[in-house]
Amino acid sequence: MSNQENEWMAAFQNGDSDALEKIYLVLKGPLYSFIFRYTRDEQLSIDVVQDAFMKLQRNKHQFNPEKGRLRSYLFQIGYRIMIDKLNRRKKWQSILPFLTPLPKEELHQADRMTIREAVARLPDIHRSIILLFYYHDMTHEEISGILDIPKGTVKSRIHHAIKKLKEELGEDINESRSL
Amino acid sequence: MNQDPFKNDQFIKSKLDEYHVEIPDIPIRTKTKRWDRFISYLGSPAKNPIEPAVSTTNRLLLVKTVPLVGAAVLTLLQVLVLI
């Protein structure tokens, strides 16, 4: 699939607009789920996906298949847009706190709430890594490129993230074992 | 990747597998509509800035009476100045 994605991107770089639609159909879902699991904000995630694809269109010739997969290139764009948006939002909220949107309450099965909450409670640096590594099968090298951190740091943060997840889900694990 | 860091954590794996995300219909955008997004941002639900002031009966009463008392004081001041 990755080679296929890169081939579509090459076609898009050569002016084939249908190729962009194929890329969009295949990659919008994974990018959305990454951003959504990170932010738990549906509208923000939709905006990031759309902005990331707009940036991909604008800078289509900057993608070099020799440097990696299109998927990780797009995730890198999406991650940077998301961080910019979150920082901008924090700044506005500190200036105008009464404009802070109300958090949406979601109803889910109890067990799903637990893992959602556990992932949400992870520090930002660990959350992004566990999401990219576990849900999107990114290699250490790709994660290092997306998050702009050294490869060694990726490895250690994966282990820390798993440890923190264990701590968060600790009670749940003990309960299920005692049953 | 030399080894799977989740090798000894099957429970964490199974929990992570339960976290599904529903993908909404996201139309591809070819033009930035900043104005639309600004309007949507303004229209999104926000905290009521005077919520703490009206959360109890006494405070609500205070919010209602303060303008009346203020108006009465201002009127009195004007009357005193005219006299």
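Quick one: which residues, 5+ away or cross-chain, put their amide H under 5 Å from the amide H of B:ALA46? H built at 1.01 Å from N. Long-range HN contacts for B:ALA46: A:LEU102. Compactness ratio for chain A: Cα radius of gyration over 2.2 N^0.38 Å (N = residue count) comes to 1.15.
Any chance you could give the angle, 0 to 90 degrees and rounded to 10, that helix A:42-58 forms with the longest Cα principal axis of chain A? Roughly 20 degrees between the two axes. What number does region A:11-65 give for Rg over Rh if you use C-alpha atoms and the Kirkwood radius? Rounded to two decimals, Rg/Rh equals 1.02. As a size descriptor, the averaged projected area of the C-alpha convex hull of region A:1-103 was calculated at 7.0 nm². Segment A:VAL26..A:ASP137, full-extension length gain: 38.4 nm, with 0.36 nm per residue of separation and the alpha-carbon distance subtracted. Only lysines eight or more places from A:LYS55 in sequence, or on another chain, were considered; those with a Cα closer than 24 Å are A:LYS22, A:LYS28, A:LYS67, A:LYS85, A:LYS90, A:LYS91, B:LYS31, B:LYS33. What chain B shows is 83 Å² of accessible area per residue, with the surface traced by a 1.4 Å probe over protein heavy atoms.
Cα axis of helix A:110-121 to longest principal axis of chain A: angle in degrees, 0 to 90, nearest 10? In chain A, helix A:110-121 runs at an angle near 70 degrees to the longest axis. A 1.4 Å probe run over the protein chains yields, for region A:1-41, 44 Å² of accessible area per residue, whole-number rounding.
The values are calculated or read from the model by the stated rules, or taken from the named source; none is laboratory data. Keep in mind that this is a model prediction, so the values were computed, not measured. Note: areas computed on protein heavy atoms with side chains; ligands, DNA, RNA excluded. Shrake-Rupley method; radii C 1.70, N 1.55, O 1.52, S 1.80 Å.
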